[in-house]
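Undergrad: Below you'll find the structure I mean.
The values are calculated or read from the model by the stated rules, or taken from the named source; none is laboratory data. These numbers were taken from a predicted model, which means no experiment stands behind them. Cβ placement follows ideal geometry from the backbone for every residue including glycine, while neighbour counts extend to all protein chains displayed. Heavy atoms of the whole protein, side chains included, go into the accessibility calculation; ligands, DNA and RNA do not. Shrake-Rupley method; radii C 1.70, N 1.55, O 1.52, S 1.80 Å.
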Protein chains: 2
Amino acid sequence: MPTLRIALAQVNSTVGDLAGNAAAITAWTRRAADRGARLVVFPEMMLTGYPVEDLALRASFVDASIEALHATAARLAREGLGGIAVVTGYLDRHAGPPPRFGQPAEGALDAAALLHGGRVLATSAKHHLPNYGVFDEYRYFLPGDRLPVFRLPCGEPGQAEPAVDVATAVCEDLWQDGGPVAVTRQARAGLLVVPNASPYEWGKGDARLELCVRRAREAGATLAYVNMMGGQDELVFDGDSIIVDAGGRLLARGPQFEEALIVADLGLPGAGPGAPPADTPADAHDGTTMTIHRVSVPVDPSPLTGSAPPTDAAGAGPGPVWPRLAPMAEVYAALVTGVRDYVRKNGFRSVILGLSGGIDSALTATIAADAIGPDLVHATIMPSRYSSAHSVADAEDLIKRQGLQARTVPIQPMVDAFQAELQVTGLAAENLQARVRGVILMSLSNASGHLVLTTGNKSEIATGYSTLYGDSAGGFGPIKDVPKTLVWGLARWRNEEAARRGQAPPIPENSITKPPSAELAPGQLDSDTLPDYTVLDAVLDDYVVEDKGAAELVAAGHDPALVDRVIAMVDHAEYKRRQYPPGPKITPRNFGRDRRLPITNHWQEPRTG
Amino acid sequence: MPTLRIALAQVNSTVGDLAGNAAAITAWTRRAADRGARLVVFPEMMLTGYPVEDLALRASFVDASIEALHATAARLAREGLGGIAVVTGYLDRHAGPPPRFGQPAEGALDAAALLHGGRVLATSAKHHLPNYGVFDEYRYFLPGDRLPVFRLPCGEPGQAEPAVDVATAVCEDLWQDGGPVAVTRQARAGLLVVPNASPYEWGKGDARLELCVRRAREAGATLAYVNMMGGQDELVFDGDSIIVDAGGRLLARGPQFEEALIVADLGLPGAGPGAPPADTPADAHDGTTMTIHRVSVPVDPSPLTGSAPPTDAAGAGPGPVWPRLAPMAEVYAALVTGVRDYVRKNGFRSVILGLSGGIDSALTATIAADAIGPDLVHATIMPSRYSSAHSVADAEDLIKRQGLQARTVPIQPMVDAFQAELQVTGLAAENLQARVRGVILMSLSNASGHLVLTTGNKSEIATGYSTLYGDSAGGFGPIKDVPKTLVWGLARWRNEEAARRGQAPPIPENSITKPPSAELAPGQLDSDTLPDYTVLDAVLDDYVVEDKGAAELVAAGHDPALVDRVIAMVDHAEYKRRQYPPGPKITPRNFGRDRRLPITNHWQEPRTG
């Protein structure tokens, strides 16, 4: 049984940065070659970043992607890396017979290419296009109908044999029945490599590994799943690349939320004597026919540069298996990654946020400090006449613990200046204070170039318990998709984690334990307005994430009166959410591209209470 | 040749308001019956409003739509309207064989139903689903594959003959080749009725009439196209319902931006002796097979209530033809409709906006006054030290001309209060003034319940020439999709229109003719920062609406240096647009659901200058 050394390049690419992403392909391919790999696989849309959204509709961008792909193939060869087979995702354009019913007449392709010897040897495109949740791929892409199977020599340099047959699918092709997985079995490929850009979501258990195990068995092939890493607007990609053999045994697994090269030695069935490339139709078991497109990777006469002995990669088993993060660590890492990449990829160096002494801003500041370093986090304390003594003390305590940049700007003079003209009361007066704080943060941002972080949590945003242009002002919302109960959980976990590492807890205990308050009126508490957060978050999860109607919510055990109250709050706040900045998605359904409701909307769930 | 009296009910329905929309169906059906119509046709998704977005994914809402449809059928009969055939759009659920490749396993249907005699006699669903521009119908719907053809008696009450065969398609089914139009011809139906929810776009010439003419000829049938009217978030539906005969002759046409009942007497080929309902497969000429589903509408023994003589409907021809609005009048009506419906359907009574004396706020105020009445428009003048004397005078002049509610709030004391702490300069100081104005408007809105209108135009929003949470603060942006040059054009047209009607021009001439300025710094003019608007708008139209790349823009004749400059401005402002409120779409590609670009985006069009 031939052994193939494969490398999965779990890389953080950037949307639109064709030059930077192409350079990353070259750099990581060199690392793979240095480790002796014969094949390196990059994520879906590695060359363009993912998702490119409407850039996929712009001809100049599609052209540039195709050009960059060919230039990358040439550059790899120029830099002595032509002998390693490279599979990478990129953006291509449909050419061929007219598409099937219901598909646009022309469109782009979510494509994968095989590069070798300075050339693009084969291309294919994602067959199953996701068009739900945050995905709109029917807007952009036409489905691929070709399974490339390339014969890759994996023995001594200069030898055509032994060789293995390698098939390629893309991301969603694993999640749907039939298609490339079914055709891989018919093609008798020994290995199926799958570039992915699969966003993180918490609470899915180990769905990805289970899926890989199932599909590897169905394909009758070893399956190598490589996932993108990094943040892109509201999405975070977690890496977590996986290799399982045809029997479903885990062979290697990459880290979560880190770039990594996962190198493994795979024992694979040898391919028979090389047949000339030929196209064969196959029943894809999904109502369509796909073409098996056979390609031979030429024998490279020279050894790869820096080839290392096979034992380097393997350790005890065929490949490394990074440990999985615990649930809280995983969510926290997603938030840190989301913030770090939004800051970095948008050209910011530093962030600014309002620090109230409460738990939301405390956690947001801590995430930011972990993401970019405490010295680049500018905490602004903006006390009002309603700020309690402990609020300012707790905020100062957090600043001291973490070494944040700090500034205090009391808001009363500005509030007074507005009130001298406006004399507003009640909710309007509360919102005024929040908006004065928003103006201060935006002014300091404009003056110093900091990115303003908003500190609202998902429970607030769901119920509209926030002020438009006030506490919701900012460019990025790190805990936008984090329910309040999880905010507390993450804060506790972060402190415990510090203790485990022998460090001082970064978040003041008082910020975690005190009853939450917006402090916009005397003695105000969240509980004056909102239900208990434990109860509220349970309803919100079923209404917002699970999309249950009122009757289903009651059937699920929620209090009928509470159900009516929560639904009314959520429905009424749609207009606020429409103007909220993006933040990292960590739940199965976030506010943003994932949940799209009209603002003008008279639908009221039938009252149950 | 039998004559059928048809009524097209060009109605303004409201998303989610099942009870209100059902009541409208009953009320308009009564009007149709009173006019002697034997068939009344309502728009697409009349019962639910359109687009319902993710409400289509909620089981409780789909259930409620189906229940409301049956309840409406029963109610019509109860109220003596069971004898008139009613075709209406509604939201249904897929039931039947598994869908084709690439379609979700389950989904909703953008459906149409035939109601008669208290029952739902036939249902079908849109076959071609739009999934481009503002449409995401593959996210929600499964395609229909049935063409209902119902035999409708149209002679004396109680007589089965003569009768005509009527087929039904839905909206996009007209815009794509094959499908219901092709099958209508095979079914030899005499009339094809088409419920629509087709949003307004300017500059399309008379594409809809041309389409109807072409499809009527292809179907070999008279074609009755009924379109929704009214505003829904960023969409405006213009009505403009159309009837053309099988030869392509225009028989009747509804008004634009008004609810109306268009009643016409159609000479149609008589149907043969009634065959029993049977399902026949037909080649839809689009790669699919559709089923012709034949239904007989029972003979109603009693005459319709209030039946009027046929001559009532006809006038000179078979039906009324409302005149088309001139281009400027059409755009203006779209904006007024968008504002009126956003205000009304979201439960507001009044609006507030900042009036600077410039043309943008002047036009916005005028649109608002035309939409809801000047006494419900609260104009706020917020002068700063940089406001020129003419600015305040022009604003006051406009208020006086139109009779708006007015208040003046000088911003210097608030700006000074911020500056005492912040001492910001340059752009930060400019933005501060704009944000102080935003806070004032939001405070007055919170205190009095006015909807805040933003006054930014499309050229500003495209280039980012606006302040986040400053002049962009508000719930609705009436001229958000109006390029600056068109702002001037609309203002001039509105004044000329007033003159034509013998009224005083509502907009001060000085607001139209003076050079535009944000007045945030001494002597500031837009031309300090932006290219001449005529030149700018031409580039923006090609870049934003046409999605041309840099090389294409230069090839189209734009100055290379200007192209680079404009592209850089537009690309950089994506984060601001993401937080901008909705406003009526009037161009083929608006900012909002129509143009979706990542914020984190390193793509730079190759420099040409």
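Undergrad: I'd like the full set of residues that are outside any loop (DSSP other than H, G, I, E, B) and either out of contact with any Leu (no Cβ under 9 Å at 6 or more places or on another chain) or within 20 Å of B:Gly438 (Cβ to Cβ) (or both), limited to segment A:478-510. Before the answer, list the steps.
TA: Step one: filter segment A:478-510 for residues outside any loop (DSSP other than H, G, I, E, B), giving A:484-500, A:509-510.
Selection gives A:Leu486, A:Gly489, A:Arg492, A:Trp493, A:Asn495, A:Glu496, A:Glu497, A:Ala498, A:Ala499, A:Arg500, A:Glu509, A:Asn510.
Undergrad: Only one of these conditions is not met by A:Gly609: (1) open to solvent by 10 Å² or more (accessible area, probe 1.4 Å); (2) at pLDDT 95 or above; (3) outside any helix (DSSP H, G or I); (4) not hydrophobic (A, V, I, L, M, F, W, C). Which number is it?
TA: The single condition A:Gly609 does not satisfy is (2).
Undergrad: How many of the residues making up segment A:12-29 are assigned to a helix (DSSP H, G or I) and either open to solvent by 10 Å² or more (accessible area, probe 1.4 Å) or within 12 Å of another protein chain (Cβ to nearest Cβ) (or both)? Full working, then the answer.
TA: Taking segment A:12-29 first, the residues assigned to a helix (DSSP H, G or I) are A:18-29.
Checking which are either open to solvent by 10 Å² or more (accessible area, probe 1.4 Å) or within 12 Å of another protein chain (Cβ to nearest Cβ) (or both) leaves us with A:18-24, A:27-28.
Of the residues in that region, 9 qualify.
Undergrad: Go through segment A:583-594 and give me each residue that's within 10 Å of another protein chain (Cβ to nearest Cβ) and either within 20 Å of B:Asn12 (Cβ to Cβ) or surrounded by 19 or more Cβ atoms within 10 Å (Cβ to Cβ) (or both). Steps first, please.
TA: Here is the first cut: in segment A:583-594, the residues within 10 Å of another protein chain (Cβ to nearest Cβ) are A:589, A:592-594.
Of everything in segment A:583-594, those that are within 10 Å of another protein chain (Cβ to nearest Cβ) and either within 20 Å of B:Asn12 (Cβ to Cβ) or surrounded by 19 or more Cβ atoms within 10 Å (Cβ to Cβ) (or both) turn out to be A:Gly592, A:Asp594.
Undergrad: Given segment A:163-267, what helices (runs of 4 or more DSSP H) lie entirely inside it while holding 2 or more residues that are closer than 17 Å to A:Leu39 by Cα and of a type in the set (Phe, Trp, Tyr)? Please lay out each step first, then the result.
TA: Working: elements: A:172-175, A:180-187, A:207-219.
No helices (runs of 4 or more DSSP H) qualify here.
Undergrad: In segment B:557-574, what residues are within 29 Å of the chain's Cα centre (by Cα) and outside any helix (DSSP H, G or I)?
TA: B:Ala573
Undergrad: In segment B:112-163, what residues are open to solvent by less than 20 Å² (accessible area, probe 1.4 Å), in contact with a helix residue (DSSP H, G or I) (Cβ under 9 Å, 6 or more places away or on another chain), away from chain A (no Cβ under 14 Å) and touching a residue at least 60 places away in the same chain (Cβ under 8 Å)?
TA: B:His116, B:Ser124, B:Leu147, B:Val149
Undergrad: Kindly list the number of the only condition in (1) at pLDDT below 95; (2) over 25 Å from A:Gly203 (Cα atoms) that fails for A:Arg578.
TA: Going through (1) at pLDDT below 95; (2) over 25 Å from A:Gly203 (Cα atoms) one by one, A:Arg578 breaks only (1).
Undergrad: Against the conditions (1) within 16 Å of B:Gly464 (Cα to Cα); (2) in contact with a helix residue (DSSP H, G or I) (Cβ under 9 Å, 6 or more places away or on another chain); (3) facing another protein chain (nearest Cβ under 10 Å), where does B:Arg578 fall short? Just the number, please.
TA: Unmet condition: (2).
Undergrad: Could you tell me how many of the residues in segment A:469-519 are of a type in the set (A, V, I, L, M, F, W, C) and in contact with a strand residue (DSSP E or B) (Cβ under 8 Å, 6 or more places away or on another chain)?
TA: The total comes to 2.
Undergrad: Residues B:Glu519, B:Glu496, B:Glu509: which one is among the charged types (D, E, K, R), open to solvent by 20 Å² or more (accessible area, probe 1.4 Å) and in contact (Cβ under 8 Å) with a residue 24 or more places away in the chain?
TA: Sole residue among the options that is among the charged types (D, E, K, R), open to solvent by 20 Å² or more (accessible area, probe 1.4 Å) and in contact (Cβ under 8 Å) with a residue 24 or more places away in the chain: B:Glu519.
Undergrad: For segment A:92-106, what are the residues that are more than 10 Å from every other protein chain (Cβ to nearest Cβ) and crowded, with 19+ Cβ neighbours inside 10 Å?
TA: A:Asp92, A:His94
Undergrad: I'd like to verify a number: residues in segment B:442-477 that are assigned to a helix (DSSP H, G or I) and facing another protein chain (nearest Cβ under 10 Å), how many?
TA: Of the residues in segment B:442-477, the ones assigned to a helix (DSSP H, G or I) are B:442-448, B:458-463.
So of that shortlist, the ones also facing another protein chain (nearest Cβ under 10 Å) come out as B:442-448.
Of the residues in segment B:442-477, 7 are assigned to a helix (DSSP H, G or I) and facing another protein chain (nearest Cβ under 10 Å).
Undergrad: Same structure, new question: Can you confirm whether A:Ala207 is surrounded by fewer than 24 Cβ atoms within 10 Å (Cβ to Cβ), under 30 Å from A:Glu330 (Cβ atoms) and within 25 Å of the chain's Cα centre (by Cα)? Before the answer, list the steps.
TA: Working: surrounded by fewer than 24 Cβ atoms within 10 Å (Cβ to Cβ): yes; under 30 Å from A:Glu330 (Cβ atoms): yes; within 25 Å of the chain's Cα centre (by Cα): yes.
Taking the combined requirement at face value, the residue satisfies it.
Undergrad: Residues of segment B:30-65 being open to solvent by 10 Å² or more (accessible area, probe 1.4 Å), touching a Pro at 6+ places or on another chain (Cβ under 9 Å) and within 8 Å of chain A (Cβ to nearest Cβ), which ones?
TA: Scanning segment B:30-65 gives B:Pro51, B:Glu53, B:Ser60, B:Ala64.
Undergrad: Of everything in segment A:415-435 that's under 40 Å from the mean Cα position of the chain (by Cα) and within 7 Å of chain B (Cβ to nearest Cβ), which residue is most open to solvent (accessible area, probe 1.4 Å)?
TA: A:Leu427
Undergrad: I'd like to verify a number: residues in segment B:297-321 that are surrounded by fewer than 18 Cβ atoms within 10 Å (Cβ to Cβ) and at pLDDT 90 or above, how many?
TA: The number of residues fulfilling the criteria is 1.
Undergrad: Among the residues of segment A:164-182 satisfying the criterion of being in contact with a Leu (Cβ under 9 Å, 6 or more places away or on another chain) and touching a residue at least 60 places away in the same chain (Cβ under 8 Å), which is farthest from A:Met45 (Cα to Cα)?
TA: Our first condition is that a residue be in contact with a Leu (Cβ under 9 Å, 6 or more places away or on another chain); within segment A:164-182, this holds for A:164-169, A:172, A:174-175, A:179-181.
Then keep just the ones that are touching a residue at least 60 places away in the same chain (Cβ under 8 Å); that gives A:164-166, A:168, A:179-180.
Numbers: A:Val164: 25, A:Asp165: 23, A:Val166: 19, A:Thr168: 14, A:Gly179: 20, A:Pro180: 18 Å.
Of everything passing the filter in segment A:164-182, A:Val164 is farthest from A:Met45 (Cα to Cα).
Undergrad: Right, something else. Given the conditions (1) in contact with a helix residue (DSSP H, G or I) (Cβ under 7 Å, 6 or more places away or on another chain); (2) closer than 18 Å to A:Asp360 by Cα, which single one is not true for A:Leu441?
TA: Checking A:Leu441 against (1) in contact with a helix residue (DSSP H, G or I) (Cβ under 7 Å, 6 or more places away or on another chain); (2) closer than 18 Å to A:Asp360 by Cα, the one that fails is (1).
Undergrad: If you check every pair at least six apart or on different chains, which have Cβ atoms under 6 Å apart with a residue in segment B:326-338 that is under 25 Å from B:Gly475 (Cβ atoms) and open to solvent by 20 Å² or more (accessible area, probe 1.4 Å) first and a residue that is at pLDDT 95 or above and of a type outside the set (S, T, N, Q) second?
TA: B:Ala333/B:Phe257
Undergrad: Tell me which residues, restricted to segment B:522-540, are buried (at least 17 other Cβ atoms within 10 Å of the Cβ) and either of a type in the set (Ser, Thr, Tyr) or more than 30 Å from B:Ser391 (Cα to Cα) (or both).
TA: Just the residues of segment B:522-540 that are buried (at least 17 other Cβ atoms within 10 Å of the Cβ), to begin with: B:526, B:530-531, B:533, B:536-540.
If the condition is that a residue be buried (at least 17 other Cβ atoms within 10 Å of the Cβ) and either of a type in the set (Ser, Thr, Tyr) or more than 30 Å from B:Ser391 (Cα to Cα) (or both), then B:Tyr533 is the only one that fits.
Undergrad: Next question, about the same structure. Got a number for residues in segment B:546-556 being in contact (Cβ under 8 Å) with a residue 12 or more places away in the chain, in a helix (DSSP H, G or I) and open to solvent by 20 Å² or more (accessible area, probe 1.4 Å)?
TA: 2
Undergrad: Additional query: Give B:Pro560, B:Pro508, B:Pro531 a once-over and let me know the one that is in contact with an Asp or Glu (Cβ under 7 Å, 6 or more places away or on another chain) and either away from every other protein chain (no Cβ under 14 Å) or not aliphatic (A, V, I, L, M) (or both). Quick ask: steps written out before the conclusion?
TA: Values: B:Pro560 fails: in contact with an Asp or Glu (Cβ under 7 Å, 6 or more places away or on another chain); B:Pro531 fails: in contact with an Asp or Glu (Cβ under 7 Å, 6 or more places away or on another chain).
Just a single option satisfies the conditions, and that option is B:Pro508.
Undergrad: How about segment A:380-414: which of its residues are part of a loop (DSSP other than H, G, I, E, B) and within 14 Å of chain B (Cβ to nearest Cβ)? Full working, then the answer.
TA: First pass over segment A:380-414, keeping only residues part of a loop (DSSP other than H, G, I, E, B): A:382-388, A:403-404, A:409-411.
Scanning segment A:380-414 gives A:Met382, A:Pro383, A:Ser384, A:Val409, A:Pro410, A:Ile411.
Undergrad: Take the conditions touching a strand residue (DSSP E or B) at 6+ places or on another chain (Cβ under 9 Å) and more than 22 Å from A:Val134 (Cα to Cα) and apply them to B:Ala59. Does it pass?
TA: Details: touching a strand residue (DSSP E or B) at 6+ places or on another chain (Cβ under 9 Å): yes; more than 22 Å from A:Val134 (Cα to Cα): no.
So B:Ala59 fails the test.
Undergrad: Would you mind finding the one in B:Gly83, B:Gly89 that is touching a His at 6+ places or on another chain (Cβ under 9 Å) and either away from chain A (no Cβ under 11 Å) or part of a loop (DSSP other than H, G, I, E, B) (or both)?
TA: Values: B:Gly89 fails: touching a His at 6+ places or on another chain (Cβ under 9 Å).
Answer to the check: B:Gly83.
Yes/no per residue for (1) open to solvent by 10 Å² or more (accessible area, probe 1.4 Å); (2) in a helix (DSSP H, G or I):
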residue	(1), (2)
A:Asp341	no, yes
A:Arg349	yes, no
A:Ser361	no, yes
A:Ala368	no, yes
A:Asp375	yes, yes
A:His378	yes, no
